[in-house]
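Encoded as C-alpha cells, the structure appears first; notes follow it.
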C-alpha cells in the first residue's frame, strides 16, 4: 500500500491478547463468535477459561460482562447447567441424613411434576415468569398442597446450587403458589361405621392396631413404631393402664411435635384387645423360633419386621370394604374419627386437643420410663361409654 509520499507501508497488525486476557474470535465450525474468558486457575492448576458464544462480537462482549458479574458476585452458573441438574444435585447431596421416606417423597415430586416441565431450562436463564407459568399450568392437575411441596423442591434445589456458587439468585423464591385443585377433605367415621369397621377387622392382623388408633387417637405413624415397654396394661400404684406415645416413624423417632409426646389412658376394650394381641404375638414368635422381647414392636409383619405404611393402607382398605364402606378411607382418618366421636359425646375441645397432643400444656415431659407420669383419662372413660365396653367383643369372649 502506497501512502501520499509514495512510500509503501504495511497495515498495523491486530494486537494479540496477552496472557490472561479475554479473547473474541470467529469459530467457522460453529458459525459463531467465541469469547474466551480468563478466570484464573483451578485448585489442581488447570486454567479456568470458560467460553461464551454469540452471532456478533457485541453479543459476545455482553455475555462476557454478565459472566464476570456472576464471578464478582461469588457465583458462576455453568452455561449448560440445567434445572434438572440442580434438582438432581440437591436430591443426591442436599438430603443427606434424611429418612428414606422424605427422600422418596421429594424424588417423586421432582420426577413427576418438576423435571418433565422445566428440567431442560438452563438455570441461569430461568425467570420468575417461567416458574409462574409452570405452576399455573400444573394447578389444573395438582392440589394446592402438592403445588406448595413441588415449589419447595425447586427453591431448595436452587438454594443448594447457590451454596455451591452455581446460581446467583433464587427466582423460585420470588413467586407464590397459585390455588390448585381442591384436596381430598379428611373424613370421620360415625359411630355405626366405626363399629362396622371393628367388627370387620376381627381376626385380622390389623385388628389391635385399628382398635388402638380409633379408641385412643394415636397417629398411625405413632402406632407403627410403638413398643411393648411403652404399653402398660395393668393398674400400678393407682395409675390406670396407659400408653406412652413418645415415638413415631419420623427421623430419629421424634413425634410430629414436642407437644405430641403424651401419656394417655387406655379404654378397657383396648386393654383387652392388646392383652389378647400380646398372647397371640408370643405364640407366633415361639412357632417361628423368634424370641419375644418386651422392647419389641407391638405391631409387626408375620416375620417380625416393622409394618410398612403402604401395607397398612392396603389392609385397611380391604377391611373397610368388608365393612360395607367405600374403599377410599385411610388409616389416618381413624384419628379424625376419634376426635369426632368424642366431640359428639360432649367432650370439650380443649380436652380432646390434650388427648391428641395439640395442647400447649405438655403433660409428658418425663424422660425416664419408670417415672410416674400424669395420665390423661378422659378419652378412655368416654370411649368405654361410646362403645359400651363389652358390646363389641366376640360371642366367645362374652
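The values are calculated or read from the model by the stated rules, or taken from the named source; none is laboratory data. The model shown is predicted, which means the values in this text are computed figures rather than measured ones. Reconstructed Cβ throughout: ideal geometry from the backbone, glycine too, with neighbour counts over all protein chains shown.
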- Quick one: which of 199, 150 is assigned to a helix (DSSP H, G or I), touching a helix residue (DSSP H, G or I) at 6+ places or on another chain (Cβ under 8 Å) and modelled with pLDDT of 90 or more? 150
- Members of the stretch 262-298 found to be free of Cβ contacts under 8 Å to residues at least 40 places away in the same chain and surrounded by 19 or more Cβ atoms within 10 Å (Cβ to Cβ), listed by number: 271, 281
- Message: Within the stretch 163-176, take every residue that is in contact (Cβ under 8 Å) with a residue 40 or more places away in the chain and crowded, with 17+ Cβ neighbours inside 10 Å and give me the one that is farthest from residue 95 (Cα to Cα).
- Response: 175
- Determine whether the stretch 315-327 contains at least one residue that is surrounded by 12 or more Cβ atoms within 10 Å (Cβ to Cβ) and without any contact (Cβ under 8 Å) to a residue 12 or more places away in the chain. yes
- Task: Working carefully through the options 379, 346, 304, find the one that is modelled with pLDDT of 60 or more and not in a loop (DSSP other than H, G, I, E, B).
- Result: 379
- Message: If I ask for residues that are over 30 Å from residue 322 (Cα atoms) and in contact with a strand residue (DSSP E or B) (Cβ under 9 Å, 6 or more places away or on another chain), which ones from the stretch 148-196 would you list?
- Response: 180, 181
- Scanning the stretch 332-343 for residues that are closer than 22 Å to residue 244 by Cβ and crowded, with 18+ Cβ neighbours inside 10 Å, which turns out modelled with the highest pLDDT? 334
- Message: Is it the case, given these coordinates, that residue 205 is part of a loop (DSSP other than H, G, I, E, B), modelled with pLDDT under 90, in contact with a helix residue (DSSP H, G or I) (Cβ under 9 Å, 6 or more places away or on another chain) and closer than 25 Å to residue 310 by Cα?
- Response: no
